[in-house]
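Everything below concerns the one structure shown next.
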Amino acid sequence: MKASELTIRLAVKTDLDELVRLEQECFAAESFSRRQILYLLSRAAGNFFVLTEQSQIAGFIVLLKRKNSLGLRVYSLAVAPAFRGKQYARRLLEKAVQVAQESGKIFLFLEVSEHNTGAIQLYRNWGFEHTGRRKNYYQDGSDALLMRQTLSSLAGD
C-alpha cells in the first residue's frame, strides 16, 4: 500500500457520524455517546486522531493531557473490525508516543478491560506494564487493568 493512502490526522467535526458508528461497532454497550465524542473532538484537553485508509476512517486514538502530569493518557483506541490485522493499532500507538515526547511526557497510561485479551497482548507487546486494577469499572461489572509504558525505554529505538 502506498504511504499516501494511509494517513493519521486530527479528527474534525465532519468525522463525527463515522466516529460514532465506529465507536458503537467497537465498544457496543461501553461506547461513548455522540455528545461525548463531540466533546472529545472539540473541547477536551488532548488530541483526537483518526487513521484513514483511502480516506475511510479505519481507526482512532484519543489522547488526554493533564497539566503538570508526566503522562499522556490513551483514553480510547479503536480499529474497525474490517481493518484489523494491518498493524493500525501499532501505528496509532506510535502517534501517541510521538505526541507524548513532543509534549514532554515520560509515560503513556491507559485502562483496558480485563476481558479484552487482544488489546492486553498488544499493550504488553508494546511495552506497557500492568500497574493496578479498577474493580467494577465497566458497565458489565468487569474490572479495568491499569497499564503504563515508560517512554524512556523507547529513546534508543
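The values are calculated or read from the model by the stated rules, or taken from the named source; none is laboratory data. Small disclaimer: the values here were computed from a predicted structure and weren't measured. Virtual Cβ from ideal backbone geometry, glycine too; neighbours counted across all protein chains shown. Note: accessible area is taken over every heavy atom of the protein model, side chains too, but ligands, DNA and RNA are not part of it. Shrake-Rupley method; radii C 1.70, N 1.55, O 1.52, S 1.80 Å.
Six or more apart or on different chains, Cβ atoms under 6 Å: show the pairs whose first residue is in the range 20-34 and within 13 Å of Phe60 (Cα to Cα) and without any contact (Cβ under 8 Å) to a residue 40 or more places away in the chain and whose second is of a type in the set (D, E, K, R) and open to solvent by 70 Å² or more (accessible area, probe 1.4 Å).
Val20/Arg34
Just to check your reading of the model, which residue among Glu94, Glu129 is among the charged types (D, E, K, R) and touching a residue at least 12 places away in the same chain (Cβ under 8 Å)? Break it down into steps so the answer makes sense when it comes.
Numbers: Glu94 fails: touching a residue at least 12 places away in the same chain (Cβ under 8 Å).
Matching residue, one of Glu94, Glu129: Glu129.
For the range 7-55, give me the residue count where each residue is open to solvent by 30 Å² or more (accessible area, probe 1.4 Å), under 19 Å from Gln87 (Cα atoms) and in contact with an Asp or Glu (Cβ under 8 Å, 6 or more places away or on another chain).
So the count comes out to 1.
Name, by its number, the condition in (1) part of a helix (DSSP H, G or I); (2) open to solvent by 40 Å² or more (accessible area, probe 1.4 Å); (3) farther than 20 Å from Asn116 by Cβ that does not hold for Arg91.
(3)
Does the range 110-128 include one or more residues that are in a strand (DSSP E or B), closer than 29 Å to Leu10 by Cβ, open to solvent by 60 Å² or more (accessible area, probe 1.4 Å) and not hydroxyl-bearing (Ser, Thr, Tyr)? Write out each step before concluding.
To start, the set of residues in the range 110-128 that are in a strand (DSSP E or B) comprises 110-113.
Those left that are additionally closer than 29 Å to Leu10 by Cβ: 110-113.
Among the residues that remain, those that are also open to solvent by 60 Å² or more (accessible area, probe 1.4 Å) are: none.
Checked against the condition, which is being in a strand (DSSP E or B), closer than 29 Å to Leu10 by Cβ, open to solvent by 60 Å² or more (accessible area, probe 1.4 Å) and not hydroxyl-bearing (Ser, Thr, Tyr), the range 110-128 yields no hits at all.
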